[in-house]
Every structure is written in C-alpha cells, then in structure tokens.
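Participant: Handing you a structure now.
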Amino acid sequence: MSSNRGKIIILAAPSGGGKSTMAKRLLSDFPQIKFSISATTRQPREGEKNGVDYHFLTRKEFQQRIDDNRFLEWEEFYNGTMYGTMKAAVESELNKGYFVMLDVDVLGALNVKKMYGEEALSIFISPPSVSVLEERLRNRGTESEKSLALRLERAKKEISYADRFDIEIINDSLELAYSEIRQAIQTFIQNSKTE
C-alpha cells in the first residue's frame, strides 16, 4: 500500500447523537479530511444541491448501483428512503491521499470497518442516556410521536453495537466530546504518516 494513500474515518451515532455537528467542525479543523457525500432516494430539501449535499438518485438508479455492487454500504429506512456510500467516490479521494469521513448508520459503519480494517478508524458517538436522546429529538420539533418512537427504538438497538467500534465517545458535553473526537482523529492521522 502506498504511504500517501488516505484512510477512512467513520462517525456513527443514533439520530440526535450529535454526529452532523461533530462532522462539520472536524471538516473545518482538518483540511486533509474530505466528507463522503451520500447517495439518497429522498427528494432534495430546500437549498440542497445535487453532488454537494447528496447525490440524489431515483429508486431505479439506486437499485441499479446496488445490483452493480457500487456501494460500500447502503440501507433502506422504515419510510422507504434509501441511503448509501458510493465506492468509487471514496476510493478516488483515498487515492489522492485524503482521509475520507463517512457519516453513516451503525451497521453500515461496521461493514465499512470490516472491509478496510486498520485503514479505518470507527468512532461511535453515544448519548449520555436514551432519555437525554429523547429530549434532544423532542427539542428539534421535527418528529411526530410515531417517528420519535421508531427513532428511539432504533437508537436503543444501535447503542448496543457501541462496543464494536474502535472508540466510543459519550456526548454529554458537546465541547468535551468534540475535543475527545478531535484528539482521536489527530492521533490516527499522525500514526498514518509514520507507517
């Protein structure tokens, strides 16, 4: 393996765990990290751009990519929306020497870690408790009672996988959790340079 090839940084957390906030800050702190843009079958929200926020695909296009084995990982959610990480885009950035950050669901994260092994750092961001997570989701004001119940059920299952990640960080205090994640990534990048 060429020493200038990049590596993968995987962030996973239950919905409301703080993953997106952490990812944005990490990207501004580490110019050598590129964010992997996911593909999705959902419609663009106002202001979202194709190829910038997501790769927006029809269900048929998405299915064709699954059939052609062009995703590192993909998942279909309870509402029928599909999300996936495109292999070619990730490999292209790795070959340019970038560290590629994936913001993926828990099972997708574990699959990618299995594929890349030591070439990937997997970080699980845990809420301090399910009740704190519920409060955060309620405060967003974006969930119906039904979708909140589904998200919490899913979160409990996801949290049970935390010990399969390289690092688990409890997001009780955003600043403290961020500094722990930042330090873990800094170490991973430095160790990659010395290999």
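Participant: When the convex hull of the Cα atoms of the stretch 1-70 is projected onto a plane and the area is averaged over all directions, what value comes out in nm²?
Facilitator: 6.9 nm²
Participant: Okay, helix-only estimate at 222 nm for the chain: each DSSP H run of n ≥ 4 adds -39500 (n - 2.57), divide by all residues, round to 500 deg cm²/dmol; what do you get?
Facilitator: So the helix-based figure for the chain works out to -14000 deg cm²/dmol.
Participant: Take the alpha carbon gyration tensor of the stretch 153-195, find the square roots of its eigenvalues, order them as a ≥ b ≥ c, and report rounded if a/c is under 1.5; if not, report prolate when a/b exceeds b/c, else oblate.
Facilitator: Judged from the Cα gyration tensor, the stretch 153-195 comes out oblate (a/c at least 1.5, b/c at or above a/b).
Participant: Under 12 Å between C-alpha atoms is the cut-off here; go through the chain and count lysine pairs that meet it, provided they're at least eight residues apart or on different chains.
Facilitator: Lysine pairs, 8 or more places apart or on different chains, close enough: 6.
Participant: With label points built 7 Å along Cα→Cβ from the Cα atoms of Val52 and Lys193, find their separation and express it in nm.
Facilitator: 3.2 nm
Participant: Moving to a separate point now. Using θ = phi - 60° and the Karplus relation 6.51 cos²θ - 1.76 cosθ + 1.60, list the HN-Hα couplings for the stretch 142-153 in order, rounded to whole Hz, with x at every Gly or Pro.
Facilitator: Whole-Hz 3J(HN,Hα) from phi for the stretch 142-153: 10, 10, 7, 4, 5, 5, 5, 4, 5, 4, 5, 4.
Participant: Output ³J(HN,Hα) for the stretch 64-71: one whole-Hz value per residue in order, computed from phi by the Karplus curve 6.51 cos²θ - 1.76 cosθ + 1.60 with θ = phi - 60°, and x for Gly and Pro.
Facilitator: Residue by residue, the stretch 64-71 yields 4, 5, 5, 4, 8, 6, 9, 10 Hz.
Participant: Here's a follow-up. What is the ratio of the Cα radius of gyration of the chain to 2.2 N^0.38 Å, with N the residue count, to two decimals?
Facilitator: 1.02
Participant: Right, next: For the charge dipole of the chain, defined by +1 on Lys and Arg C-beta atoms and -1 on Asp and Glu C-beta atoms about the Cα centroid, which residue among Asn79, Ser126, Gln64 has the Cα displaced farthest towards the positive pole?
Facilitator: Sorting the options by dipole projection puts first Gln64.
Participant: If packing is taken as the mean number of other Cβ atoms within 10 Å per residue, what is the order of 144-151, 181-188, highest first?
Facilitator: Averaged packing, sorted descending, gives the order 181-188, 144-151.
Participant: Please report the net charge: other residues with Cβ closer than 11 Å to the Cβ of Trp74, K and R +1, D and E -1.
Facilitator: Result for the local shell: -1.
Participant: Pick out, in residue order, every one of the chymotrypsin sites (Phe, Trp or Tyr not before Pro) in the stretch 76-118 that is DSSP loop and has at most 14 other C-beta atoms within 10 Å; say none if there are none.
Facilitator: Here the sparse-neighbourhood loop sites are Phe77, Tyr78.
Read-outs: derived from the displayed coordinates by stated rules, not from any lab. The model shown is predicted, which means the values in this text are computed figures rather than measured ones. Heads up, the Cβs are rebuilt from the backbone with ideal geometry, glycines too, and the neighbour counts pull from every protein chain shown.
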